[in-house]
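First the structure, in the form of structure tokens, and then the observations on it.
The values are calculated or read from the model by the stated rules, or taken from the named source; none is laboratory data. These numbers come from a predicted model, not from an experiment. As a convention, Cβ positions derive from the backbone with ideal geometry for all residues, glycine included, and neighbour counts pool all protein chains shown.
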Amino acid sequence: MLTLIARDLRANFRTGSGIWLPLTMFLTIVVLIPIGIGPDVDLHATIAPAILWIGVVFSVFLFLDRIFSPDLEDGFLDRIAASDLPLEKYVWCKIIVLWISSGLLLTILTPFLGLFLNLPLPVGLMCSSSILAGSPALAAIGCLGGGIGTFNRHGNLLQTVIVLPLSIPILIFGTKSVIAYSNGEPYLTWILQLSGISLASIAIFPFLISYALKTVLEE
Amino acid sequence: MANLDETKTSEVELLSVGVKNLTCYRNDATVFSNVSFQLHPGEQLFIIGSNGSGKTTLLKTLMGLSSKFEGNILVPLHETAYLGHLNGLKSEFTVGDNHEFWLKLENIPVSHSLLEYFEIDDLTGTPVRLLSEGQKKKVALAGALESGKRIWILDEPFNGLDRKGQVLLAELIQGHCEKMGIVVVTSHLEPVFRPTRSLALDKYR
């Protein structure tokens, strides 16, 4: 399994786009929105958690089409399905790789970009930990979208219909936790709920996704 | 490749690949019906058929990749090496990386003996995207067959290979069968060797 994760990460680094495009997407959103709003510093700090979180959602969902379709097109998935490795483990590795090359990187960047949005460093760190807790769920949802996107008929439409509603609770809990923290309210519940959703999605989604992939492989 | 002499003789005797009254469907249409065969160690099955006769469907069904069938199938999957008509190679990686990836995935000691056998061991540092179709096929075959599995199920393995490559592969298949392996191969071309068994799928439409 480590072999598979290492291979995919190396592929992401080597092609460049796999690592840099989510980062640039995130940077673009975080930089452009305050410029569009204008020099209202207090407003920036108020909407900063939402901007950072929306940036994360967009960056994780940037490449849903490229998660499984290359492996499907070159016959890699056929060989994996025919090998001793369970398809669920392969999917699990894909979720981990997507998370490392988007969610984890953005977690590290968030406190610094928070400063850019006039967000105090402690609040920025809080935002970053909420992203750390929630982004694994986003990666799992993204992979579900990627798996469903490989369907020949209506794949892309289904992908949007499934990915968007599933990501909304995570976005709400994520921003809510940061706002609660900066208002001095209890915030741990939100983080725990995010972690719970993440753990549950990493455990359940691989089975759904590999079922979707098996259906595609049969055609 | 694993040394087959070390395996217990009882295991070798038990090993077999068989289907009974197999009928396969694709898009609700019957591809072929009532195919039966039984292969024992040392036998090769050459599946011949025109385009669309269901050669790939049959192999996919044997490997458990398709559930649209009726009938009985016996294939010990943990003993089976499979290569479909696509190579499953990553074009951005080198030949060596691609080759070693499949061996590491199955926890098999890395060996380049089949790359040497196909005379492509000097290409280990070359990215796969720069190779010709035949060379890619050789890399994929080497990775799939180096695993030492006793049953080989190969979809159109002779495609893209030059005459010499076809002869090398045919000798490899015959050598594997002499060591009590089982090989199932499809082709739309005339075989370059004399298989012990053959199956013309066109008759079963």
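Observations
- Any hit, the stretch A:45-52, residues being within 14 Å of chain B (Cβ to nearest Cβ), surrounded by 15 or more Cβ atoms within 10 Å (Cβ to Cβ) and under 16 Å from the mean Cα position of the chain (by Cα): no
- Selection of the stretch A:60-78 for residues being under 22 Å from the mean Cα position of the chain (by Cα) and within 14 Å of chain B (Cβ to nearest Cβ) yields A:R66, A:F68, A:S69, A:P70, A:D71, A:L72.
- As a summary of the residue check, B:T126 satisfies the conditions (1) more than 14 Å from chain A (Cβ to nearest Cβ); (2) out of contact with any strand residue (DSSP E or B) (no Cβ under 9 Å at 6 or more places or on another chain) except for the one numbered (2).
- Only one of the numbered conditions (1) crowded, with 21+ Cβ neighbours inside 10 Å; (2) among the small types (G, A, S); (3) modelled with pLDDT of 95 or more is not met by A:G149, and that is (3).
- Selection count where residues are of a type in the set (S, T, N, Q) and crowded, with 16+ Cβ neighbours inside 10 Å, scope the stretch B:112-151: 3
- Boolean, B:N34 is in contact with a helix residue (DSSP H, G or I) (Cβ under 8 Å, 6 or more places away or on another chain) and surrounded by fewer than 17 Cβ atoms within 10 Å (Cβ to Cβ): yes
- Residues being out of contact with any helix residue (DSSP H, G or I) (no Cβ under 6 Å at 6 or more places or on another chain) and of a type in the set (A, V, I, L, M, F, W, C) - total across the stretch A:22-36: 5
- Test for A:T3: is it surrounded by 13 or more Cβ atoms within 10 Å (Cβ to Cβ), in contact with a helix residue (DSSP H, G or I) (Cβ under 7 Å, 6 or more places away or on another chain) and within 13 Å of chain B (Cβ to nearest Cβ): yes
- Looking at A:F207, A:F173, just one residue is touching a residue at least 24 places away in the same chain (Cβ under 8 Å), assigned to a helix (DSSP H, G or I) and within 30 Å of B:L62 (Cβ to Cβ), and that residue is A:F207.
- Of all residues in the stretch B:72-84, those that are at the interface with another protein chain (Cβ under 8 Å from one of its Cβ atoms) and surrounded by 14 or more Cβ atoms within 10 Å (Cβ to Cβ) have Cβ atoms under 6 Å from Cβ atoms of residues that are part of a loop (DSSP other than H, G, I, E, B) and among the small types (G, A, S), 6 or more apart or on another chain, in B:G84/A:G75.
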